[in-house]
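A short write-up of the structure that comes next.
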Amino acid sequence: MNEPILAPSLLAGDHGAAAESAALVAGLGLKWLHVDIMDGHFVPNLSFGPAMVAALRRHGSKLFFDTHLMLSEPQRYVEPFAKAGASRITIHVEPAYDHAAALKAIRAHGCRTGIALNPGTPAEAVEPFLGLVDLVLVMTVQPGFGGQAFRADTLPKIAQVDRWRRDRGLDMRIEVDGGIDEATGALCRARGADTFVAGTSFFAAGDKAAFAAFFARL
Ligand code: DX5
Ligand code: ZN
């Protein structure tokens, strides 16, 4: 099993103090920051663009920027996000575009790759791309907004992706995103998830060091 990684989500922090959110995460000894990019089209909400990623780098953040593109045309934005300083670029499987070409472009720009799927999308949709990705993101809420309730009906999908990973000896992580806290994180860990995005629960935690320590031992 891969070591567990906690990736706090910038979306749930103060948008007027994004650099402080990144510094808070780094100060806890965490390595990853999850950055949610929304286009008001693939999802009914807007968040940040490449300028935010570039600004965080300019303010000195060395975190691994786990960049989650909730975009209808993610292939158009690979280069801007790579140049801005994204570490991973995760794209969704649902929209129609050349997914394989986009994943190859992400790697060609020196970034790690990820493919994401919504709660209503079957695991089989990402199967053709398993050889091209470093991470599969199983959404545990319908993307678009933080603070939603975890969907337990996504648990079998995590287990299915984990079976493929083990049967085929794939070197990739399985990430969960949406409604993740200690309890739901443990449910996902039991199905094979190793990467945990936490927005609301992380920023609401009174003792963030204890919250991070819980996930480090999960
Ligand atoms: C949802 C985003 C998530 C979001 C999670 O569309 O992809 O990354 O920040 O927020 P919480 O942890 O509050 O569900
Ligand atoms: Zn996300």
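For the chain, what does the alpha-carbon gyration tensor say about shape, rounded, prolate or oblate, given a ≥ b ≥ c as the root eigenvalues, a/c under 1.5 as rounded, and a/b over b/c as prolate? Taking the square roots of the gyration eigenvalues as a ≥ b ≥ c, the chain is rounded. Mean sequence separation of contacting Cα pairs (under 8 Å, at least six apart), scaled by the length of the chain, corresponds to a relative contact order of 21 percent.
Within the chain, DSSP assigns beta bridges of which about 5% are antiparallel (rounded to the nearest 5). Placing unit charges on the Cβ atoms only, positive for Lys and Arg and negative for Asp and Glu, gives the chain a dipole magnitude near 540 debye about its Cα centre.
Normalised by residue number, the volume inside the convex hull of the Cα atoms of segment 1-75 is 112 Å³ per residue.
Annotation: H109 carries an accessible surface of approximately 80 Å², with a 1.4 Å probe and no ligand, DNA or RNA atoms counted. Share of pairwise Cα-Cα distances greater than 20 Å in segment 76-146 is 27 percent (whole percent).
Taking the helices alone, the chain has a mean residue ellipticity at 222 nm of -9500 deg cm²/dmol, built from -39,500 (n - 2.57) per DSSP H run of at least 4 residues and averaged over all its residues. Within segment 123-218, the proportion of C-alpha pairs whose separation exceeds 24 Å stands at 22%. Here K83 is the anchor, and the lysines within straight C-alpha reach of less than 28 Å, apart from those fewer than 8 places off in the same chain, are K31, K62, K104. Checking every one of the chymotrypsin sites (Phe, Trp or Tyr not before Pro) in segment 77-115 against DSSP loop status and a limit of 16 other Cβ atoms within 10 Å picks out Y97. Heavy-atom accessible surface of the chain, averaged per residue, reaches 41 Å², computed with a 1.4 Å probe. The charge dipole of segment 94-218, taken about the Cα centre with unit charges on the Cβ atoms of Lys, Arg (+1) and Asp, Glu (-1), comes to about 260 debye, rounded to the nearest 20. Each of A82, N118, G131 was scored by the projection of its Cα onto the charge dipole of segment 69-174, and the greatest displacement toward the positive side belongs to A82; charges sit on the C-beta of Lys, Arg, Asp and Glu. Within the chain, the longest segment free of exposed loop sites, counting trypsin sites (Lys or Arg not before Pro) that fall outside DSSP classes H, G, I, E and B and have at most 12 other Cβ atoms within 10 Å, spans 63-216.
Taking all pairs of different Cα atoms in segment 21-134, averaging 1/r and flipping that mean, what Kirkwood radius in angstroms comes out? That comes to 14.4 Å for segment 21-134.
The values are calculated or read from the model by the stated rules, or taken from the named source; none is laboratory data. Bear in mind that the values here come from a model prediction, so they are computed numbers and not experimental data. Note: ideal-geometry Cβ built from the backbone for every residue, glycine included; neighbour counts use all protein chains shown. What goes into the accessible areas is simple: the full protein's heavy atoms, side chains included, and nothing from ligands, DNA or RNA. Shrake-Rupley method; radii C 1.70, N 1.55, O 1.52, S 1.80 Å.
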